[in-house]
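K.L.:
Dumping the structure here so I can ask a few things about it.
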Amino acid sequence: MDEFTRVDLTLELNYSFPSRSVIAILDDVAREFGYPKCIRVDNGTELTSKIMQAWSEEHCVELLFIQPPMCQDDLVPGPVGNHT
């Protein structure tokens with residue numbers, strides 16, 4: 001999804017996406033729209049691989065990895081103050 005326009009540039013469904021499949025999809029999209037300056041990605045193995053890193057360097061695409069959630073991020077805060 002393009003972060004600026006919020007338009008989905010492609011939709012691919014599968015049980016898994018190895019790095020080479022992800023790269024093939026990105027290359028298909030780039031043929032129509034050009035290569036982006038950056039891509040926001042999660043920390044999945046298909047996106048952190050050496051193959052993906054080499055692809056991003058070859059095409060001058062910066063991989064922006066999201067921050068993994070901290071355990072404390074899932075906690076719901078309790079009441080504040082003295083409740084008697």
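The values are calculated or read from the model by the stated rules, or taken from the named source; none is laboratory data. Given the structure is predicted, the values throughout are model-derived calculations rather than measurements. Backbone-built Cβ (ideal geometry, glycine too); neighbour counts: all protein chains shown.
K.L.:
Kindly indicate whether Thr48 is surrounded by fewer than 13 Cβ atoms within 10 Å (Cβ to Cβ), modelled with pLDDT under 80 and not small (Gly, Ala, Ser). Step through it out loud before you land on a result.
P.N.:
Details: surrounded by fewer than 13 Cβ atoms within 10 Å (Cβ to Cβ): no; modelled with pLDDT under 80: yes; not small (Gly, Ala, Ser): yes.
Spelling it out, it is not the case that Thr48 is surrounded by fewer than 13 Cβ atoms within 10 Å (Cβ to Cβ), modelled with pLDDT under 80 and not small (Gly, Ala, Ser).
K.L.:
Could you grab the pairs with beta carbons closer than 6 Å, sequence gap of 6+ or different chains, first residue in the stretch 62-74 and closer than 16 Å to Gly44 by Cα, second one at pLDDT 80 or above and of a type in the set (Ser, Thr, Tyr)?
P.N.:
Leu63/Ser56
K.L.:
Exactly one condition in (1) modelled with pLDDT of 90 or more; (2) loosely packed, with under 14 Cβ neighbours inside 10 Å; (3) not small (Gly, Ala, Ser) is false for Ile23; which is it?
P.N.:
(2)
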